[in-house]
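Each value in this text was obtained by applying a stated rule to the coordinates, not by laboratory testing. Everything numeric here is computed off the predicted structure, so don't read it as measured data. Neighbour counts are summed over all protein chains in view; Cβ atoms, including those assigned to glycine, are modelled from backbone coordinates with ideal geometry.
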Amino acid sequence: MKDGLCRGVIAHLVEHAVPFIVYSGDAAGATAEDDSFRKGVRLSKPCTPHRFEKAVKHAMDYIPEV
């Protein structure tokens, strides 16, 4: 994907209750810009493989509210 907010993708994931991770150098900025991003797991770049793995596990346990 190109750099920047992906509102359409996030809206589709939220609409279909698909868990997602916002992996960004500005994850806090994304959630401030669009509330839909709060329904996913936020992970800031850079991160360790361990933190990434924990985020994936957390996302798999989390089903967003539709």
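So the values come out like this:
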{"read-out": "Segment ASP34-ARG51, length gained on full extension (0.36 nm per residue, minus Cα span)", "value": "3.7 nm"}
{"read-out": "Average Cα contact separation per residue, region 7-61, under 8 Å, 6 or more apart, as relative contact order %", "value": "37 percent"}
{"read-out": "Packing rank of 13-23, 42-52, where each peptide gets the mean count of other beta carbons within 10 Å, highest leading", "value": "13-23, 42-52"}
{"read-out": "ARG42 long-range amide H proximity, modeled H, under 5 Å", "value": "VAL22"}
